[in-house]
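Single-structure report; data block below.
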Amino acid sequence: MDISQTYSLTVLALGAMTLLMLVQLLVSDVIGIRAKHLPGSPVVADHANLLFRATRTVANTNESIAVFIVAVLFCMMSGASPQATGYAAWAFVACRLIYALFYYANLQTLRSVIFAGAIISLVALLASGFLAWA
């Protein structure tokens with residue numbers, strides 16, 4: 001059977017994560033344009049500033065996406081449970097979406113809790129991949 005069919009839930013999660021990243025870029029760009037921010041100039045580090053929060057959302061996603069992609073590939077190449085891999089991948093995507101919304105809204109404690117959920121999702125992906133070797 002084709003790997004994209006076997007892991008269709010996971011492949012769909014990868015597409016959703018890509019869409020989320022694109023939306024985050026567009027949100028950051030629109031906020032920057034509306035704030036008349038000069039492209040390429042530093043954004044002042046101030047959590048009261050929506051532009052700062054939007055750019056940090058993009059940066060934080062960029063910092064974690066490689067781990068997500070590699071963990072998903074590890075699961076798929078290891079023959080991990082397609083259901084466990086898919087559910088963990090979707091949990092990561094959902095956490096990243098909620099994280100972005102909480103970051104935009106400047107809800108710092110809730111943002112941190114959801115960030116921990118994303119980390120737990122990554123651990124679940126790795127566990128699923130390693131269990132396939134057991």
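Criterion first (surrounded by 18 or more Cβ atoms within 10 Å (Cβ to Cβ), small (Gly, Ala, Ser) and more than 16 Å from Leu12 (Cα to Cα)) does Ala118 satisfy it? Considered against the rule, which asks whether it is surrounded by 18 or more Cβ atoms within 10 Å (Cβ to Cβ), small (Gly, Ala, Ser) and more than 16 Å from Leu12 (Cα to Cα), Ala118 comes out as yes.
Taking each residue of the range 59-76 that is free of Cβ contacts under 8 Å to residues at least 60 places away in the same chain and over 21 Å from Ile3 (Cβ atoms) and looking for partners that are exposed (fewer than 14 other Cβ atoms within 10 Å of the Cβ) and not polar (S, T, N, Q) with beta-carbon atoms closer than 6 Å, six or more apart or interchain, yields nothing.
Residues in the range 54-69: is at least one surrounded by 13 or more Cβ atoms within 10 Å (Cβ to Cβ) and more than 15 Å from the chain's Cα centre (by Cα)? Looking through the range 54-69, none of the residues is surrounded by 13 or more Cβ atoms within 10 Å (Cβ to Cβ) and more than 15 Å from the chain's Cα centre (by Cα).
Yes/no matrix, rows are residues, columns are (1) outside any helix (DSSP H, G or I); (2) among the hydroxyl-bearing types (Ser, Thr, Tyr):
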| site | (1), (2) |
| --- | --- |
| Ala45 | yes, no |
| Val70 | no, no |
| Leu73 | no, no |
| Tyr87 | no, yes |
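The set of residues in the range 12-43 that are aliphatic (A, V, I, L, M), open to solvent by less than 60 Å² (accessible area, probe 1.4 Å) and assigned to a helix (DSSP H, G or I) comprises Ala13, Leu14, Ala16, Met17, Leu20, Met21, Val27, Ile31. For Ala80, are the conditions met, namely being open to solvent by less than 40 Å² (accessible area, probe 1.4 Å), touching a helix residue (DSSP H, G or I) at 6+ places or on another chain (Cβ under 7 Å) and not in a helix (DSSP H, G or I)? The answer is yes for Ala80. Scanning the range 93-119 for residues that are farther than 15 Å from Thr57 by Cα and in contact (Cβ under 8 Å) with a residue 12 or more places away in the chain yields a single hit, Gly117.
Within the range 121-134, being crowded, with 17+ Cβ neighbours inside 10 Å and under 18 Å from Thr61 (Cα atoms) holds for Ser121, Leu122, Leu125.
The values are calculated or read from the model by the stated rules, or taken from the named source; none is laboratory data. The structure presented is a predicted model; accordingly, all values stated were derived computationally and were not measured. Neighbour counts run over all protein chains shown; Cβ positions are idealised from the backbone, glycine included. Quick note on the areas: whole protein, heavy atoms, side chains included, nothing else; ligands and nucleic acids left out. Shrake-Rupley method; radii C 1.70, N 1.55, O 1.52, S 1.80 Å.
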